[in-house]
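To start, the structure itself, in structure tokens.
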Amino acid sequence: MILSILDTDLYKFSTSNAYFQLYPLAEGTFRFNDRAKECYGEEFLSALKEEVAALGALSLGDEEFSYVCRRVRYIPRNYWEWLRGFRFAPEKVRISLDGEGHLEMEVTDLLYKVTLYEVPLLAIVAELRNRFLGVSPDTEKAISILRGKLEFAGRHALPFSEFGTRRRFSSELHDRIVETLRDACPDYCAGTSNVYFAMKYGLTPIGTFPHEWVMFHSGVFGYKRANYLSLEDWIKVYDGALGTALIDTFTTESFLRTLTMKQAKLLDGFRQDSGDERVVGDMIIGRLKEFGIDPRTKVIVFSNALTFPKYKEVADYFRGKVKFSAGIGTNITCDPGIEGYRPANIVMKLSLCRMSPKDPWEKVIKISDDTGKHMGDDFEFTIASHELHLDQ
């Protein structure tokens, strides 16, 4: 189900490299969460373990190594040299079912290694789920539905990137989808987050950093300066490249409060992943104006469970105010056109971290602009809400 070690999101490699360069001794645990609380059986569990075991055979081949060194140059060659020797360790992935049949899965390792497990594990669970549901898509119908969406994007001038690896219907359908994006929407599809398909179809690999980067900083440095320090570290590693900041790990309000003028001027833009797009966008525009920065020089990337009609409404609201784009995932890669079908609603997030094996483990959480996307320990929520003044 996982076609290559590059069959994952670009930001897994950019974040892995950031840990590799700055925090090589840091460790973390990623824990699976099924927001829909679906139930599975022993046959599913056995098939999942078999697919996870197959990850151990993946490695970075010569053609892939040449591609990333040439095309992803903001990540240094020494990281790609390390990745050539990296192998997934399936025995580190702990998989079980609880008493009600809910899937439990977690993996612990050095952070620059363990971050690479997240997307492949989610993609495997999503595809296996569809197989065990007995759902078989009509591929040509699915591509026809996609072409309708792409025609809509072109007609309304809606730039976007494909972000759907983690909850795709299947790797086979994903392949056809990215090929269609290349052929049918060259003017408005900016690229794909999937590095393997970017390589295969000559598209731009897209991505910066995920919530985990800020969550890690909160665990080892505290909540009050997690947003600030995570940005400073990102700038230290990438020196202005990969300049789109994810803003909602501890709410957009707290991110903007600690954003500095230097950071705002260095950043290319901001990714909104929760909350009301208009409200969040207006908050960003207001903060930029406080710094004397013309918002029209920055981009907001909207990525909160977008459909193309919803994106058009948001784009119409912001035209002329700020540049905009979108990261659209499940609505592109998991829409087989089957009546009543619902995609998996699964995530895998950092739950524990520490700076080194000598340090105690710290719980980490996420406080989204959408209550349904909160994750973590209740007591930590209380601490974070107090320290970030979110309870006022």
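The values are calculated or read from the model by the stated rules, or taken from the named source; none is laboratory data. Keep in mind that this is a model prediction, so the values were computed, not measured. Neighbour counts are summed over all protein chains in view; Cβ atoms, including those assigned to glycine, are modelled from backbone coordinates with ideal geometry. Areas reflect the complete protein model, heavy atoms only, side chains present, ligands, DNA and RNA absent. Shrake-Rupley method; radii C 1.70, N 1.55, O 1.52, S 1.80 Å.
At full extension, residue 77 and residue 359 could sit 98.5 nm farther apart than now, given 0.36 nm per residue minus the alpha carbon distance. A simple spin-label model places pseudo-atoms 7 Å from Cα toward Cβ; at residue 135 and residue 57 they are separated by 2.7 nm. Calculated [222 nm] ellipticity per residue, helices only, for the chain: -13500 deg cm²/dmol; basis is -39500 (n - 2.57) per DSSP H run with n ≥ 4, divided by all residues, nearest 500.
Full extension of the chain between residue 152 and residue 183 gives 9.6 nm of extra length, using 0.36 nm per residue less the Cα-Cα distance.
In this structure the chain gives 41 Å² per residue of accessible area when probed at 1.4 Å with all protein chains present. On the principal axes of its alpha-carbon atoms, the range 128-262 has extents of 50, 37, 27 Å, going from largest to smallest. Taking the DSSP bridge list for the chain and keeping only pairs wholly inside it, about 55 percent are antiparallel. Computed from the C-beta positions of residue 25 and residue 371, the FRET efficiency with R₀ = 35 Å rounds to 0.50. Loop-resident chymotrypsin sites (Phe, Trp or Tyr not before Pro) (DSSP state other than H, G, I, E or B) in the range 62-116 with no more than 11 further Cβ atoms inside 10 Å of their Cβ are absent. Annotation: cysteines of the chain without a disulfide-compatible partner (Cβ-Cβ under 4.7 angstrom) are 39, 69, 334, 353. Every Cα-Cα pair in the chain was counted, and those over 36 Å apart are 19% of them.
Extension gain, residue 94 to residue 39: 0.36 nm times the residue separation minus the Cα-Cα distance gives 18.1 nm. Taking the protein heavy atoms of the chain in the context of the full set of protein chains, the accessible area attributed to carbon and sulfur is 49 percent at 1.4 Å. For the residue pairs 92/113; 236/366; 149/200, alpha carbon separations beyond 18 Å are given by 236/366; 149/200. Of the GluC sites (Glu not before Pro) in the range 42-150, the ones in a loop by DSSP (not H, G, I, E or B) with at most 12 other beta carbons within 10 Å are 100. For the range 314-340 and the range 95-140, write down the distance between their C-alpha centroids in whole Å. With the range 314-340 and the range 95-140 each reduced to a Cα centre, they are spaced 24 Å. Which is the longest run of the chain containing none of the trypsin sites (Lys or Arg not before Pro) found in DSSP loop states (not H, G, I, E, B) with at most 11 other C-beta atoms within 10 Å? In the chain, the maximal stretch lacking such sites is 74-318.
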